[in-house]
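K.L.:
This structure is in structure tokens; I'll ask about it shortly.
The values are calculated or read from the model by the stated rules, or taken from the named source; none is laboratory data. Values in this document were obtained by computation on a predicted structure and should not be read as measured data. Glycine also receives a Cβ, built like all others from the backbone with ideal geometry; neighbour counts cover every protein chain displayed. Only protein heavy atoms, including side chains, enter the accessible area calculation; ligands, DNA and RNA are left aside. Shrake-Rupley method; radii C 1.70, N 1.55, O 1.52, S 1.80 Å.
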Amino acid sequence: MGQLRAVLSEVLAAEHDLTAAVARADRFAATAPGLRGSTLVLAVLSPASGTLQYVTCGQPAPVIAGADGRSRCLPPTHAGPLGTGATRPPASARLQPGDLLLLSSGALASGPTQTLDESMAQLADAAAAARAGRFAGRGGVATDADRVARHTAGLLGSQAAQPGEVVTLAAEWLAVPVAGLDLELPASLPSLRTARHTFAGWLSQLDPLTQDQDTLQLAVGEIVGNAIEHAYPPGQPGVVRLQAVLGADGQLECRIGDRGSWQVPDPAVPGRGSGLMLVGRMIDQMDVHHPPQPSGAPRGARGTVVTLRHRLRRAAAVTSSPALAARPNGAPFEVDSGVDGPVVWATVRGSVAQDTAGSLRSQLLIACRGGTLPLRVDLSAVSQLGAAGIAALYEVSQQLAVYQQELSLAAAPASVAAAALGLAGLPYRGAISPSGQ
């Protein structure tokens, strides 16, 4: 699946041509015995128009659950599994504002007394019920898409003829797009708090993944703070403008601008320029732009605009029954940190997995001031340390190395963290006390 996703992502990033994408995946599967016969449902939804193109290769077609409580199953394109050469042209449909699109693999695993059509009809009814709120689900379900995806995954999993994985994916075409943010503030220290608070409130409407939320709030705060501190000479009034908008492609764009003068970071001054470096490592894309300058004027004499672009994602959840457990049992994920002289210490608790590793990275980078202070991290209270958590620790270590600082890790002997660190080749020692001793 990972190989097929990589191939499809590459093709669709270059062109939104489903025929070309499926043909490429079909040729790739034909050359790999382990991929021959793979099934696929692939869809491209345009948030600007609500148009949908989709292809089904041995998988059920999408379901559309309307805001009016009714749902419908789209007709399949009847293409065969990948690697067989049995591709077909894509089909198309149109969503109405507020409609929800549901893709699933579980209808293939219908019960022993059900036909596929009956299973799909039951799936459509379940999606409509969940969309209409007749199924409340467990606490913490934030959106209609979450509720529909979780409920239908649990339903399909419980009715499967044989144990196996069921995957559901839901996307809602919002009836009312989220309005953009446009905020202009005086270039003074109190404005930094106002900008952070306002941006956090606006961002919460989008309900982003915790990792994306932490990353964006840190990045925007860093850039706004830079503009307030460096764009204008002491005592000279000025303004800082913060704009944010969610694009039709799901990518968030933030623009932070000033009307002052650009100051080239002085390498002789410790920490100068580290903020831009930190933001550039965390955000998908960062551009620094200066409006056209008069002939002979220094760079940035008419101001600077920093543009941040970051794609928002949603967390995946795993269920084995209609009641979904989104995270392993145990202590909730949290990071406590403090300073002991020149060293920053941090204690991590709970599960460090795909949904929390990004937050771990962000909070550790904040604690060590973007890698400018040495950091000691105690992982003894971690209940799970997955590959994503190991990758986050490596990234923090690399950022510290930029400033010739060190990441020291600690884990209790025979603990989950100790085993994961040992397999990853990350050196560690016994538990660190809050004072760093």
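K.L.:
Can you tally the net charge around Cys57? Count Lys and Arg as +1, Asp and Glu as -1, for every other residue whose Cβ sits under 15 Å from the Cβ of Cys57.
P.N.:
Cβ neighbours under 15 Å give a net charge of +4.
K.L.:
With the other protein chains left in place, how much accessible area per residue, in square angstrom, belongs to region 2-116 at a 1.4 angstrom probe?
P.N.:
48 Å²
K.L.:
So what J values fall out for region 186-199 if you push phi through Karplus, 6.51 cos²θ - 1.76 cosθ + 1.60 with θ = phi - 60°, rounded to Hz, Gly and Pro as x?
P.N.:
Karplus values, whole Hz, x for Gly and Pro: x, 7, 9, 4, x, 5, 5, 5, 4, 5, 4, 5, 5, 5.
K.L.:
How much length, in nm to one decimal, is gained on full extension between Asp287 and Asp336, taken as 0.36 nm per residue of separation minus their Cα-Cα distance?
P.N.:
In short, 14.3 nm is gained.
K.L.:
Please work out the FRET efficiency for the pair Ala179 and Glu229, using the Cβ-Cβ distance as r and a Förster radius of 30 Å; give the result to the nearest 0.05.
P.N.:
So the FRET efficiency works out to roughly 0.50.
K.L.:
Then there's this: Along region 404-419, what does the Karplus equation 6.51 cos²θ - 1.76 cosθ + 1.60 (θ = phi - 60°) give for ³J(HN,Hα), rounded to whole Hz, x for Gly and Pro?
P.N.:
Once rounded to whole Hz, the list reads 6, 10, 10, 9, 10, 10, 9, 7, 5, x, 6, 8, 4, 5, 4, 5.
K.L.:
Turning to a different aspect of this structure: Set the Förster radius R0 to 30 Å, insert the Cβ-Cβ distance between Arg27 and Ser92 as r into 1/(1 + (r/R0)^6), and round the FRET efficiency to 0.05.
P.N.:
0.80
K.L.:
For a Förster distance of 51 Å, can you work out the FRET efficiency between the beta-carbons of Thr198 and Thr19, rounded to the nearest 0.05?
P.N.:
Efficiency at R0 = 51 Å is approximately 0.70.
K.L.:
Moving on to the next point. Hey, for a label at Asp68 modelled as a point 7 Å past Cα toward Cβ, could you say which residues of region 77-99 have their backbone N under 13 Å away?
P.N.:
The answer is 96-99.
K.L.:
I've got another one for you. So for each of 367-377, 38-48 I average, over its residues, the number of other beta carbons within 10 Å; can you give me the resulting order with the highest mean first?
P.N.:
Going from most to least packed, we get 367-377, 38-48.
K.L.:
With only alpha-carbon atoms in the gyration tensor, what are the semi-axes of the equivalent ellipsoid for region 19-92, in Å, largest first?
P.N.:
So the three semi-axes of region 19-92 are 27, 13, 9 Å.
K.L.:
Right, another one. Need the full-extension length gain, Arg36 to Gln217, defined as separation in residues times 0.36 nm minus the C-alpha distance. One decimal, nm.
P.N.:
Length difference between fully extended and current span is 60.7 nm.
K.L.:
Just to be sure I understand the model, the point goes 7 Å from the Cα along the line to the Cβ. What's the resulting Thr51 to Val245 distance in nm?
P.N.:
2.2 nm
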